[in-house]
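Enquirer: First, the structure itself, so that you have it in front of you.
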């Protein structure tokens with residue numbers, strides 16, 4: 001099955017929680033509008049940024065159903081459907097197809113780990129088969145899963161055995177392998193770059209589409225990086241990428257990924273805090289983060305307050 005390759009930015013969305021850490025689906029209409037306004041071409045839901053590993057099966061279904069109405073040719077919704085449970089992945093994949101979204105994704109099991117590409121493909125096949133009409137992407141993120149098999153080999157095996165296999169969400173820093181995947185089998189597969197602070201490097205290696213968490217609040221900055229790269233103004237592209245790096249560098253000072261939710265709140269979309277054991281930001285720390293971002297000119301580079 002052939003799928004149109006995605007060009008542009010897909011946002012890895014946060015899961016919105018209220019003050020009691022329960023889903024707050026009421027924010028999603030404004031959230032979707034915010035993303036579309038900033039020119040992103042889709043939403044990757046229930047993934048790492050969306051705390052998929054901390055969501056229940058019913059919550060993942062609820063989020064998929066809530067995002068599904070915004071799926072369109074110009075705004076593709078892709079749902080993460082599995083982490084460690086194949087059975088849950090099958091159920092979520094079937095549900096995603098019922099909801100009519102664009103695609104689904106699975107990562108490698110990270111507790112009992114597959115030791116070969118063939119074993120990994122055996123895990124993925126029934127999940128993809130439960131949603132045969134949806135584009136299927138493997139989510140390669142070895143930093144978290146600790147599964148780092150050959151992605152070129154996966155394209156050969158999964159690309160043959162899974163009819164709906166579209167490509168890979170490549171969240172790894174092996175630029176050589178990324179380029180090999182892009183060119184494999186006459187550039188047959190859709191390989192999406194997944195490392196925001198290295199977007200320029202991904203573009204230089206041939207990336208056309210990317211998935212990232214900072215596209216939640218800084219998509220205009222990344223659009224400028226892409227534009228400068230396409231115009232062959234590499235000095236400008238690098239200067240803009242360095243702005244991205246400076247923004248992300250604040251994560252370690254302000255609780256890690258929870259800082260991303262705080263920044264999105266500055267932009268008018270309040271997705272609450274991360275679930276335990278994620279760190280929480282005090283109001284004092286939020287103000288310190290806002291002041292730090294203001295000093296580096298963040299609010300002039302993004303569509304925010």
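Bear in mind that the values in this text are calculations on the coordinates, not laboratory data. Here the structure is a predicted model, which is why all the values come from computation and not from measurement. Virtual Cβ from ideal backbone geometry, glycine too; neighbours counted across all protein chains shown.
Enquirer: With bins 10 Å wide starting at 0, give me the P(r) of segment 28-126 over every alpha carbon pair, in whole percents.
Expert: 16, 46, 28, 9, 0
Enquirer: Something else: Mind giving me the nanometre distance, one decimal, between the label points for residue 57 and residue 20, set 7 Å out from Cα along Cα→Cβ?
Expert: It is 2.4 nm.
Enquirer: Apply 1/(1 + (r/R0)^6) to the Cβ-Cβ distance of residue 294 and residue 37, taking R0 = 25 Å, and write down the FRET efficiency to the nearest 0.05.
Expert: The formula returns an efficiency of 0.70 here.
Enquirer: Now for a different question. Hey, how many Å between the Cα centroid of segment 4-71 and the Cα centroid of segment 127-165?
Expert: Cα centroid of segment 4-71 versus Cα centroid of segment 127-165: 22 Å apart.
Enquirer: Additional query: Using only the alpha carbons of segment 143-199, what is the convex hull's orientation-averaged projected area in square nanometres?
Expert: 4.1 nm²
Enquirer: If you average over every viewing direction, what projected area does the convex hull of the Cα atoms of segment 143-242 give, in nm²?
Expert: The Cα convex hull of segment 143-242, projected and averaged over all directions, gives 7.0 nm².
Enquirer: Taking the Cβ of each residue in 33, 91, 283, 288 as the centre, tally the other Cβ atoms inside 10 Å and list the residues starting with the fewest.
Expert: Final ranking by Cβ density, sparse to dense: 283, 33, 288, 91.
Enquirer: Given a cut-off of under 8 Å on Cα pairs at least six residues apart, what relative contact order in percent is computed for segment 8-232?
Expert: Dividing the mean separation by the residue count of segment 8-232 yields 19 percent.
Enquirer: Further, regarding this structure: Can you tell me the relative contact order of segment 99-241? Whole percent, Cα pairs under 8 Å, sequence separation 6 or more.
Expert: Normalised by residue count, the contact order of segment 99-241 is 18 percent.
Enquirer: Further question: Which order do 70, 139, 102 fall in if you start with the one that has the fewest other Cβ atoms within 10 Å?
Expert: Least to most surrounded, the residues fall as 70, 102, 139.
Enquirer: Roughly speaking, what is the stretch gain from residue 282 to residue 188, that is 0.36 nm per residue apart minus the C-alpha to C-alpha distance, in nm to one decimal?
Expert: 29.1 nm
Enquirer: Further, regarding this structure: Would you mind computing Rg(Cα) / (2.2 N^0.38 Å) for segment 191-292, counting N as its residues?
Expert: Working: Rg = 14.7 Å, N = 102, 2.2 N^0.38 = 12.8 Å.
So segment 191-292 has a normalised radius of gyration of 1.15.
Enquirer: Once fully extended, how much extra length lies between residue 253 and residue 153, figured as 0.36 nm per residue of separation less the alpha-carbon to alpha-carbon distance?
Expert: Working it through step by step, the gained length comes to 32.1 nm.
Enquirer: Whole-Å semi-axes of the chain's equivalent ellipsoid, largest first, each the root of 5 times a Cα gyration tensor eigenvalue?
Expert: One finds semi-axes of 29, 23, 17 Å for the chain.
Enquirer: With the alpha-carbon atoms as the only input, what is the per residue convex hull volume for segment 71-163 in Å³?
Expert: 92 Å³
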